[in-house]
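To keep things clear, I will list the structure first and then write my remarks on it.
None of the figures in this text is laboratory data; all of them are computed from the coordinates on show. Since the structure is predicted, the reported quantities are computational estimates derived from the model, not experimental observations. For neighbour counting, all protein chains shown are included, and Cβ atoms are generated from backbone atoms with ideal geometry for every residue, glycine included.
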Amino acid sequence: MKIKNKISISIFVIAFSVLTISSFFFVINGYKEILSTSVNYILDDVNDHATEVKVFINNKFIVANILANTPIIIESLLTSNAEYSVLSKAQIKNKINELNNRWEATTYASDPFIQSYLNNKVAKFLRSQALLIPNEYGEIYLTNQYGVLVASTNRLPTLYHGQKYLWKAAYEFGNIVDETEYDENVGAKVLGISAPVIFEGRTIGILKSNVLMETLLKGLPFLYEQEQVKISDQNLTFLLRVNGEIISSHDDLIDKKVLDAVSSKMQKGISGTEIILNRGKRSLVAYTPVKIPFAFDNKRTEAGSGPMDQKGGNIGYGWYIFSIADINSLMTPLYDTLQKFIFIGFFLIIVMSMSAYVISNKISEPIKKLVLSSKNVGKGDYSSKIDTISNDEFDELSASFNQMIENLNKSTISVDKLNIEVAKHKQTEKIVQEKESFIQFIINNIPIGIAVNSIDPEINFSYMNDNFAKFYRTTKAELNSKDGFWNTVYEDPHFRDKIKKRILDDCASGDINRMHWENIPITRTGKGTTFISARNTPISNSNMVISTVWDVTEQLKYEESLLNKEAQISGVTNSFPGVIYQFYARPNNEYGVSYFSKQAEVIFGFDIEKIALPDIFPYFLEHVAPECRKEFILSLQTAVNNISNWKYEGKYIKPDGSIIDFEGSSQPFRNQNEIIFNGVLLDITSRKKAEEQLVLLNNLLDYSSDSIFIIDPSDSRILNVNKQASLALGYTHEELINMRVIDLEAKIPDSHLWKEHMAEVRRTGSLLIEGRHKRKDGTIFPVEISIKLITRANNEYMLSIARDITKRKRAEHEIKILSLLPDEDPDPIMRMTKEGKILYSNKSSNTLLDFCGRRLQDYMNDAWRSAIRESYEKNEKGTIEINACNIILEFVITPVVEMGYVNVYGRNITELKNSLKEVSEAKRNWDEIFNTINDAITIHDMDYNILFANHAAQELLGKSAAEILNSKCYASYHQKDSVPEKCPSCQTLKTGKITVNELFEPLFNKFVEIKAIPRFDENKNIIGTIHIIRDLTERHKAEALNKQLQGQIFQSKKLDAVGTMASGIAHNFNNILGAIRGSVEMAFDDIPQNSRTRKDLERVIFCVESAKQLTDQMMSYSKTVT
């Protein structure tokens, strides 16, 4: 047999054996690889889904925190907290219990007490925010820092939430989540988002929003799509609680034993994968925790309790993403690939056998290549190598040749690398030198002396900057000399020994706190004394220390000046009649007093020396009168918040029980993170008493119904008057002052008569006379005047009290004509003054007077007086109705202005009123029923005139009822001059039957249904139609939208199919590209740098990268369409 045949048969046998063995190992390794890849993939998948859930929850936290920090929320919480902050703990507890008991005892949500929380401005704001995302929030409510409800969008079972562990966890630790199986108050599964409200660095309340779990499922595509479509149990993803309970649906597709098997591991909070039997099939499962802040993750106190309206849920558990996949379905690609591999292997065996026949003829080809490569090496080309093609002597020779070339090439490369390392080292040294120069510049320019030295006990310096010698008022050379530090720095031998012993003892102690010396004097003869402070810091594992020194001379001078000024100010403040103080306000509502003058002992009665400054403000606040305390705190908070001047007046209870009035005032300024108020407190008790007495006297005078004058007897000049005098005369108070009596009294027109009048007053001491006063408008009215002469502090005054007697004079006149009124009239007849006083009544009026509880000379009630006054002033007849014992009387008021009274004539209108009421009630019922109908309804007569139109018809036509009534129906509905064709009303008038048409009306741009119903009279004759229009636009839109959605769903399914196909192709192609790239990269290790084959392989890598970009685009497209 020829050798070429032997080679062909040998290659066939060897190739078949290799194929068989490779297939076996391919299946084994492929199974392991796919399983390993699937484990990583499914674990990455559940981690991605866990991140999706976390991002979703975090988004809800962001929304909650933005909502929690809106001004209206913060303002309402500050107001609510301020109401509780002034109470003691016991008072707060009692108030909360009282409010909570009232809340739970109140049955109806419409109760004003409940509505004050459900319908206040904060609740309306929360409700408006919830409506921005429909069907997402079950309820949102806000509690203050004491756990008391401030506002809610829904009625909650309880008002107080501070005892709940959820509230405590949110208040102590910040944002938390709680999930419940069922919330009875909302009527659904909910996810609780609790966010603290932070103001000026502290928690002032908790905002709780209960998000519907349905929103979570819709917001997570991997769960929502699984919920919406019919799925198998080959590849499923679930949202679980740690105890194994499934939150999402399809729990019938997984055995409970599977969940029990991984539950114990999930409760430890770890991620993992396992192979488990599920419903008789080997399945791969993966699980990972959702890392979100559940309430139970925080320190839950045993005293806390859960919500009383929530049943089940993750109380004590967290969430896990759990995924399960059927292993047989995962191995399907492996089995398909194995079939293709075997087919391709047989094809290659045949090709290789045929190729062996050709290759044996070219066995001498390596010798030619060896000669060619040797020539290239001789020319200095080390990139040339010989490809090995057979396992014989030629192969060994080629390998030795290639090794020789590779060693030569490596020697050349090592020299180049050494040169590069030397250059880098030089560059590094240069950078280090530059940094050392920069650090040295900084040390020499900082305002602190720095040195490194030893103390044993002589001081030897290894380094010092310029300022170190400067602050010790010497030079570096003197300090570096023997005993230079002690002898040069401290000139006085006695002080030198003392300070040296102190410093050496402190350093020997090893206590770093003792190695700090302040205000050490440095004296130079003839040059004065400066002061320094110094500190030594030991260097570990060494006897060296770092010494730092700084000049404090100017600081000590400033402190001495400050003490002198404080002494001067203290002398001024102690001699001031009021209390001078300095008050500060810091963040978190921290108030206090930093200065209080000793005058407080005199005014407020407490010993300023025995009370520490931090306790002065609480002590003072405790002694402010209880009725003033809330207003006092509110005024302080307002001044602090606005940084404005503070002024307040109130009452203070001294330690001995006496009460004083005080006034406080101050001006603010900001000092870093606090606000300082400088001001004074004054005792204004005496001033308040004087003001109260003056106000009391003026009130007594002003409330008098008589005019009171204080007059100068010498010239009749008016010194003061009360309000009634101004009202009676028509002058203002300012106009009357300095007027004279002779200007106002008609009976005393000049000074001569005034002197005679005063002579009579002095003779008798007092007088009671009748006079006639002149008003500003010139009218004159009679008065009765009481006059008395009084003397005060050697000054003489006349007190005059004038009473208007116009009514009395008029009554006397009317008595003469009362007998003229008819007494036998069957209807009531009365006469009254313009003020409502009864002057006369006939017998028929007795029933009314008895009902009103009035008699002759009595005044009628306010309603009567108002009607009489209005009629008299307008000089027009007026009316008033009275219901007396189910009898309705109408009275006509006829004014007689020239006589100053009114006549009143009455009549019984009971039957008329009852008839009008029945008619009005019937019309009102008809209008209410007609106008509540949503369809547009109009009533027409035989001539197509519109007789009536309800509100819906007015809105449809865009006209008022006045514009529509009596217009033609075809003009209003169609804007035409005649009846249109196919008019339903026309058809109904002809046939007497109901007509219905459905059409598109361009005038309204709507689809409408028009119905015409005939109207008949009592003889069953047609007298018109009832025209009804119903809007069908929304129904037509819904039908069109339904068709559009059906088309979109069909298109979406097509895109999903294309995306799935593209994803599969790209994934498989990526695997092929990965194998090609890996093989090429392994081949790089055996090929020289400048080999032509290497360049060919680099082009292969470039093509692989281009193909990978194409597959990435296909993957992106598949994700977009799916």
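So how many Lys-Lys pairs in region 570-689 land under 23 Å Cα to Cα, not counting same-chain pairs under 8 apart?
Value for region 570-689: 15.
Where does the charge balance sit around residue 275 when Lys and Arg score +1, Asp and Glu -1, over other residues with C-beta under 15 Å from its C-beta?
On the way: positive: 32, 257, 265, 279, 281, 282; negative: 255, 274, 326.
Around residue 275, the surrounding residues sum to +3.
Run a plain Debye calculation on region 933-1031 (Cα atoms as equal point scatterers, no solvent) and give log10 I(q)/I(0) at q = 0.11, 0.17, 0.18, 0.20 Å⁻¹, rounded to two decimals, same order as the q list.
Once normalised to I(0) and log-transformed, intensities are -0.28, -0.70, -0.79, -0.99.
From the phi of every residue in region 341-347, what ³J(HN,Hα) in whole Hz does the Karplus formula 6.51 cos²θ - 1.76 cosθ + 1.60 yield, where θ is phi - 60° and glycine or proline is x?
Per-residue couplings from phi come out as 5, 5, 5, 5, x, 4, 5 Hz.
What distance in nm separates the two pseudo spin-label positions at residue 427 and residue 281, each 7 Å out from Cα along the beta-carbon direction?
Taking the two extended label points, one gets 6.0 nm.
Cα centroid distance between region 121-189 and region 501-516, in Å?
Centre-to-centre distance over Cα atoms comes out at 61 Å.
Which Cα, out of 863, 841, 851, lies furthest along the positive dipole direction of region 828-878 (beta carbon charges, K/R +1, D/E -1)?
841
Along each of the three principal axes of the Cα atoms of region 809-914, give the extent in whole Å, ordering the values from largest to smallest.
Sorted largest first, the three principal extents are 44, 29, 21 Å.
Sum up the charges of everything whose Cβ sits under 14 Å from the Cβ of residue 850, counting Lys and Arg as +1 and Asp and Glu as -1, but leave residue 850 out.
+2
Could you tell me what a quarter of the Cα convex hull surface of region 56-214 works out to, in nm² with one decimal place?
Values: hull surface 36.7 nm².
Over every viewing direction, the Cα hull of region 56-214 projects on average to 9.2 nm².
Net charge near residue 290, counting Lys/Arg +1 and Asp/Glu -1 over other residues with Cβ under 10 Å of its Cβ? Walk me through the intermediate numbers first.
Numbers: positive: 54, 291; negative: 52.
Taking every other residue near residue 290 into account, the sum is +1.
From the P(r) of region 143-213, could you give the percentage of C-alpha pairs in the tail past 22 Å? Please report the intermediate quantities before stating the final value.
Working: 423 of 2485 pairs.
Summing the P(r) of region 143-213 above 22 Å gives 17 percent of all pairs.
What are the residues whose amide H is under 5 Å from the amide H of residue 599, where those residues sit 5 or more places off or on another chain and H is modelled from the backbone?
The answer is 580.
What is the gain in length, in nm to one decimal, between residue 779 and residue 524 on full extension, counting 0.36 nm per residue of separation less the C-alpha to C-alpha distance? If you can, show how the numbers build up before the last one.
On the way: separation 255, 0.36 × 255 = 91.80 nm, distance 10.17 nm.
Gain on extension, residue 779 to residue 524, equals 81.6 nm.
How far apart, in nm, are two points set 7 Å out from the Cα along the Cα-to-Cβ line at residue 1038 and at residue 420?
7.6 nm
Starting from the eigenvalues of the Cα gyration tensor, five times each then square-rooted, give me the equivalent ellipsoid semi-axes of region 701-804, largest first, whole Å. Let's see the in-between values first.
Details: eigenvalues 79, 48, 35 Å².
In descending order, the three semi-axes are 20, 16, 13 Å.
Report the dimensions of region 446-551 along its three principal axes from the alpha-carbon atoms, largest first, rounded to Å.
43, 28, 25
Please work out how much length the chain gains when fully extended from residue 1048 to residue 926, using 0.36 nm per residue of separation minus the C-alpha to C-alpha distance, in nm with one decimal. Don't skip to the end; give the middle numbers.
Working: separation 122, 0.36 × 122 = 43.92 nm, distance 4.89 nm.
My answer for the length gained is 39.0 nm.
Could you give the radius of gyration (one decimal) and Dmax (whole number) of the Cα atoms in region 573-682, in Å?
Rg, Dmax (Cα atoms, Å): 13.2, 40.
Give me the extension gain from residue 336 to residue 110: residue separation times 0.36 nm, minus the current Cα-Cα distance, reported in nm with one decimal. List each step's numbers first, then the result.
Details: separation 226, 0.36 × 226 = 81.36 nm, distance 7.07 nm.
Once the chain is fully extended between residue 336 and residue 110, it gains 74.3 nm.
So which of 424/476; 218/256; 747/874; 430/470; 95/291 end up more than 30 Å apart by C-alpha?
Numbers: 424/476 39 Å; 218/256 26 Å; 747/874 33 Å; 430/470 32 Å; 95/291 39 Å.
Distance filter (> 30 Å) returns 424/476; 747/874; 430/470; 95/291.
What whole-number distance in Å separates the alpha-carbon centres of region 769-809 and region 841-889?
35 Å
Per residue of region 611-620, what does 6.51 cos²θ - 1.76 cosθ + 1.60 with θ = phi - 60° give for ³J(HN,Hα)? Whole Hz please, x for Gly and Pro, Karplus curve as stated.
Once rounded to whole Hz, the list reads 10, 5, 3, x, 9, 5, 5, x, 5, 5.
Report Rg(Cα)/(2.2 N^0.38 Å) for region 9-53, keeping two decimals.
Details: Rg = 18.8 Å, N = 45, 2.2 N^0.38 = 9.3 Å.
Taking N as the residue count of region 9-53, the ratio is 2.01.
Any idea how far apart residue 1082 and residue 1107 come out in nm if each label point goes 7 Å out from Cα toward Cβ?
So the label points at residue 1082 and residue 1107 sit 1.7 nm apart.
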